[in-house]
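Presented below is the structure to which this report refers.
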Amino acid sequence: MRDTLEFLLYDWLRATDLTARERFADHSRETFTAVLDTCERIAREKFAPCYRQLDTEEPRFDGERVHLPAATLEAVNAHVESGMLAAAQDYELGGMQLPCVVETAANAFISAANIHVGSYAVLTTCNANLLQAHGSERQREVFARRLFAGEWFGTMCLSEPQAGSSLSDVATRAELEDAADPLGPRYRLRGNKMWISGGEHELRENIVHLVLAKIPGPDGKLIPGTRGISLFIVPKRMVSPDGALSGERNDIALAGLNHKLGHRGTTNCLLNFGEGRWTPGGRAGAVGYLVGQPGEGLRCMFHMMNEMRIGVGLGAAMLGYAGYEASLAYAKQRPQGRPMTAAGKDAASPQRPIIEHADVRRMLLAQKSYVEGGLALELYCARLVDELHTGDAKTEAQALLEVLIPIAKSWPSEWCLEANSLAIQVLGGYGYTRDFPVEQYWRDQRLNMIHEGTHGIQALDLLGRKVVQQGGAALAALAQRVQATIERAMQTDWAPQANQLAAALAQVGGATKKAWSTGEPEEALANATPYLQAFGHTVLAWLWLDVALAVHGDADFAQGKRAAARYFFAYELPKIGAWLDVVARREPLCREIKPEYF
């Protein structure tokens with residue numbers, strides 16, 4: 001993995017070019033590589049050894065405390081001590097001013113080794129980044145600074161038992177208590193939040209929850225829809241204006257732990273806010289401090305949600321990568337079967353490693369194309385973040401990120417899950433046992449298709465918003481980048497693939513127009529998920545072609561990259577025709593079928 005990561009980082013994305021910018025002037029390839037070394041070492045020494053343990057020894061709630069294996073604390077301590085939670089932040093915040101693309105590359109080692117433990121840090125960093133962008137000066141100083149330092153950990157609290165992805169139906173109430181509190185307008189919150197990762201533990205002395213809730217209108221009723229949603233900082237333990245813990249517990253109670261298919265080492269919680277278990281300030285109600293303005297909660301939260309979507313995509317790619325490496329190692333040493341000749345098999349001849357069978361190579365090549373393509377996608381998005389923050393073409397970078405984020409979250413979640421499934425298949429019967437890690441990779445991976453928005457939600461976002469907003473500006477920006485790669489490839493041996501990609505891009509554009517040709521959202525969006533799949537495959541074909549153009553020489557490493565690119569064009573890109581067909585003709589079946597028919 002390390003050689004591929006460095007190739008993508010340095011040879012393809014040219015990360016060292018960023019050191020010419022003022023913000024990154026203190027860095028060099030040597031400092032970037034040192035960061036990679038550190039995270040690779042932590043992943044190997046602290047994260048990987050407890051991966052299986054955290055799966056079998058799930059978090060346990062005794063009614064008062066949540067119990068976690070000691071290895072969890074050892075791993076998160078090592079992560080915090082590395083400084084990676086604030087890696088991209090300013091020096092004065094304790095950061096390293098690392099480019100986002102380098103930070104993402106370093107975090108890839110953590111995700112591959114133990115995504116359970118890594119989740120605590122990802123949530124904390126994204127929480128702090130949101131507060132740094134949208135919080136008041138005091139909120140940044142008291143909360144964000146401690147989160148970046150890893151003194152406290154953070155969460156995001158969106159979903160509710162009755163409202164999963166439908167955030168417009170959030171029913172948690174926030175009633176004003178003191179508009180002049182130094183930490184921000186102080187409210188009392190009452191409601192329930194479900195599926196909260198990292199929602200309760202004792203890994204740190206405080207947990208900072210970012211909670212979506214609604215402020216009632218003058219009539220005392222909650223405003224319907226997303227307009228009424230506001231965002232609040234709700235700490236587990238009460239905090240004084242100077243950031244010291246007051247000793248009081250906020251009115252947040254753990255109602256229970258959810259026990260999921262995978263990610264078992266990350267606590268996943270149902271939290272009750274304001275039920276009166278604790279009485280901060282002598283009264284019931286969870287104390288929360290308003291972030292930004294009333295009614296702007298969802299806009300602020302999208303800052304964290306978009307970061308988390310890239311984080312989920314990276315985690316998905318790396319779980320796929322871990323499975324690929326495990327199945328590749330197995331295929332090289334597992335003897336089974338003999339060569340087939342015109343005269344049949346010679347049973348007396350020695351067995352050969354299964355990697356010599358064409359179908360096993362097919363499964364390995366498919367995995368390679370999915371996981372390395374997924375990693376390339378996440379690093380490309382991270383590179384766009386650097387352009388957005390420090391580059392000259394900020395408008396273009398923003399447009400590209402807008403249209404790519406649904407793909408960055410969803411594509412690895414689906415196709416690296418398929419990679420994990422193929423890894424199990426390569427191992428045969430052993431793949432289904434817990435003697436090998438590939439079954440756990442698959443279980444951990446399966447959650448990523450719903451983390452931070454289901455496939456259907458991402459599809460609606462892509463086709464319903466991203467490709468049509470501002471007259472299709474984001475789609476046009478992406479098409480321009482794809483076309484530039486096509487033009488470069490036309491001058492090389494990759495011209496056939498370039499022509500294939502050009503045809504795919506035209507298909508996507510044509511289907512987009514036909515989907516919306518009647519102007520009826522229900523008709524356009526009924527087949528949004530096939531559109532998402534086709535769009536994602538087109539994006540990955542583009543990235544593979546671009547990566548292939550950066551490969552030089554005839555070493556095995558280079559030939560492997562070319563083979564994976566050829567595989568994607570030969571076996572994967574042709575799939576988009578069937579997906580786009582139902583989109584273009586606005587196939588009505590799923591929209592019109594009656595519930596009674598099921």
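The values are calculated or read from the model by the stated rules, or taken from the named source; none is laboratory data. Everything numeric here is computed off the predicted structure, so don't read it as measured data. Counting neighbours? That spans all protein chains shown, and the Cβs are built from the backbone with ideal geometry, glycine included. Keep in mind that these areas ignore ligands, DNA and RNA; they rest on the heavy atoms of the full protein, side chains included. Shrake-Rupley method; radii C 1.70, N 1.55, O 1.52, S 1.80 Å.
Here's a check for you: in the range 258-286, which residue that is under 27 Å from the mean Cα position of the chain (by Cα) and surrounded by fewer than 18 Cβ atoms within 10 Å (Cβ to Cβ) is nearest to Val438 (Cα to Cα)? That would be Leu261. The set of residues in the range 34-73 that are β-branched (Val, Ile, Thr) and under 15 Å from Thr267 (Cα atoms) comprises Thr56, Val66, Thr72.
When each of Gln132, Gln97 is tested for being assigned to a loop (DSSP other than H, G, I, E, B), within 27 Å of Thr16 (Cα to Cα) and either more than 15 Å from the chain's Cα centre (by Cα) or without any contact (Cβ under 8 Å) to a residue 12 or more places away in the chain (or both), the lone residue that passes is Gln97. Of everything in the range 187-245 that is touching a helix residue (DSSP H, G or I) at 6+ places or on another chain (Cβ under 8 Å) and of a type in the set (Gly, Ala, Ser), the residue that is surrounded by the fewest Cβ atoms within 10 Å (Cβ to Cβ) is Gly217.
Taking the criterion of being more than 21 Å from the chain's Cα centre (by Cα), under 21 Å from Asn306 (Cβ atoms) and open to solvent by 50 Å² or more (accessible area, probe 1.4 Å), the residues of the range 455-475 that qualify are Val468, Gln469, Gln470. Residues in the range 136-155 that are in contact with a helix residue (DSSP H, G or I) (Cβ under 7 Å, 6 or more places away or on another chain) and surrounded by 24 or more Cβ atoms within 10 Å (Cβ to Cβ): Phe143, Ala144, Leu147, Phe148, Gly150, Trp152, Phe153, Gly154, Thr155. Checking the stated criteria, Asp493 turns out to be free of Cβ contacts under 8 Å to residues at least 24 places away in the same chain and acidic (Asp, Glu). Considering Trp442, Trp494, the condition of being closer than 30 Å to His552 by Cβ and among the aromatic types (Phe, Trp, Tyr) is satisfied by Trp494 alone. Among residues of the range 1-26 that are at pLDDT below 95 and crowded, with 16+ Cβ neighbours inside 10 Å, those with a beta-carbon under 7 Å from a residue that is of a type in the set (D, E, K, R) and not in a loop (DSSP other than H, G, I, E, B) at least six positions away or on a different chain give the pairs Met1/Glu325. Pairs linking a residue in the range 420-441 that is among the polar types (S, T, N, Q) to a residue that is open to solvent by 50 Å² or more (accessible area, probe 1.4 Å) and outside any helix (DSSP H, G or I), with Cβ atoms under 8 Å and 6 or more positions apart or on different chains, are Gln440/Arg434. Checking Glu378, Glu402 one by one, the residue that is at pLDDT below 95 and acidic (Asp, Glu) is Glu402 and no other. In this structure, Arg204 does not qualify as in contact with a Lys or Arg (Cβ under 7 Å, 6 or more places away or on another chain), under 30 Å from Gly63 (Cα atoms) and not aromatic (Phe, Trp, Tyr). Do we have any residue at all in the range 29-40 that's touching a Phe, Trp or Tyr at 6+ places or on another chain (Cβ under 6 Å) and either surrounded by 16 or more Cβ atoms within 10 Å (Cβ to Cβ) or at pLDDT 95 or above (or both)? Yes: the range 29-40 contains one or more residues that are touching a Phe, Trp or Tyr at 6+ places or on another chain (Cβ under 6 Å) and either surrounded by 16 or more Cβ atoms within 10 Å (Cβ to Cβ) or at pLDDT 95 or above (or both). The condition of being surrounded by fewer than 21 Cβ atoms within 10 Å (Cβ to Cβ), under 29 Å from the mean Cα position of the chain (by Cα) and not in a loop (DSSP other than H, G, I, E, B) holds for only one of Ala511, Ala479, Ala504, that being Ala479. Going through (1) within 16 Å of the chain's Cα centre (by Cα); (2) farther than 22 Å from Thr56 by Cα; (3) modelled with pLDDT of 95 or more one by one, Gln425 falls short only on (1). Apart from one condition, Thr124 fits all of (1) among the β-branched types (Val, Ile, Thr); (2) farther than 21 Å from Glu205 by Cβ; (3) open to solvent by less than 10 Å² (accessible area, probe 1.4 Å); the exception is (2). Within the range 298-319, is there a residue that is modelled with pLDDT of 95 or more and surrounded by fewer than 24 Cβ atoms within 10 Å (Cβ to Cβ)? Checked the range 298-319: no residue is modelled with pLDDT of 95 or more and surrounded by fewer than 24 Cβ atoms within 10 Å (Cβ to Cβ). Does Leu158 count as in contact (Cβ under 8 Å) with a residue 12 or more places away in the chain and either open to solvent by less than 10 Å² (accessible area, probe 1.4 Å) or in contact with a His (Cβ under 7 Å, 6 or more places away or on another chain) (or both)? Answer is no for this residue.
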